[in-house]
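Comments concern the structure below.
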Amino acid sequence: MSRRQTAGFSLLELMIVIVIVAILAAVAYPSYQQHVVRTNRAAAQQYLLEVTSLQHQFILDNRSYSTTLAALGTSPETAISDNYTVTITGVDNTASPPTFTLQAAPRSGTIQQGSDTLTVNHLGQKNATWYD
């Protein structure tokens with residue numbers, strides 16, 4: 001009688017592969033999360049710049065800045081609104097020149113929760129965390 005060789009993996013070999021995959025996942029996942037946070041932040045920054053442009057057009061047409069995003073005919077995309085609360089603050093149409101500040105505050109309970117609030121004003125000045 002000949003002994004038949006069985007093909008397959010031993011339990012030890014399978015466990016070694018699982019450990020290697022777990023180590024790779026432990027290293028890659030935090031890096032992936034940081035990439036998602038940076039991508040969401042860049043999308044919010046882009047949107048704030050678009051709203052700034054809309055505000056400048058609005059003041060040319062109406063001689064005052066808008067106090068709402070709806071009056072500008074815009075709203076943030078779902079990817080932005082899921083992670084940030086975008087508001088127009090500090091509108092002072094009686095000042096010379098008139099002023100406004102746009103703000104994107106990270107929503108709690110999202111991946112952006114630990115991020116800083118992004119702001120840009122009527123002069124295009126951005127807060128220091130814009131560049132982090």
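When the range 64-77 is limited to residues that are in contact (Cβ under 8 Å) with a residue 24 or more places away in the chain and not aromatic (Phe, Trp, Tyr), the one that is surrounded by the fewest Cβ atoms within 10 Å (Cβ to Cβ) turns out to be Glu77. Residue check: Ala104 meets all listed conditions (1) in contact with a helix residue (DSSP H, G or I) (Cβ under 9 Å, 6 or more places away or on another chain); (2) among the small types (Gly, Ala, Ser); (3) more than 29 Å from Tyr131 (Cβ to Cβ) but one, namely (3). Quick one: would you say Tyr47 is outside any loop (DSSP other than H, G, I, E, B), closer than 25 Å to Tyr131 by Cβ, of a type in the set (Phe, Trp, Tyr) and under 11 Å from the mean Cα position of the chain (by Cα)? Against the criterion (outside any loop (DSSP other than H, G, I, E, B), closer than 25 Å to Tyr131 by Cβ, of a type in the set (Phe, Trp, Tyr) and under 11 Å from the mean Cα position of the chain (by Cα)), Tyr47 qualifies. For the range 94-104, a residue qualifies if it is in a loop (DSSP other than H, G, I, E, B) and either closer than 15 Å to Leu48 by Cα or within 30 Å of the chain's Cα centre (by Cα) (or both), and exactly one does: Pro98.
Criterion first (in contact with a Pro (Cβ under 8 Å, 6 or more places away or on another chain) and in contact (Cβ under 8 Å) with a residue 24 or more places away in the chain) does Val91 satisfy it? Here the answer is yes, as Val91 does meet what is asked. Identify the residue in the range 18-63 that is farther than 26 Å from Thr110 by Cα and of a type in the set (D, E, K, R) and, among all such residues, is surrounded by the fewest Cβ atoms within 10 Å (Cβ to Cβ). The qualifying residue surrounded by the fewest Cβ atoms within 10 Å (Cβ to Cβ) is Asp61.
Bear in mind that the values in this text are calculations on the coordinates, not laboratory data. What you see is a predicted model; the values in this text were computed from it and never measured. Note: ideal-geometry Cβ built from the backbone for every residue, glycine included; neighbour counts use all protein chains shown.
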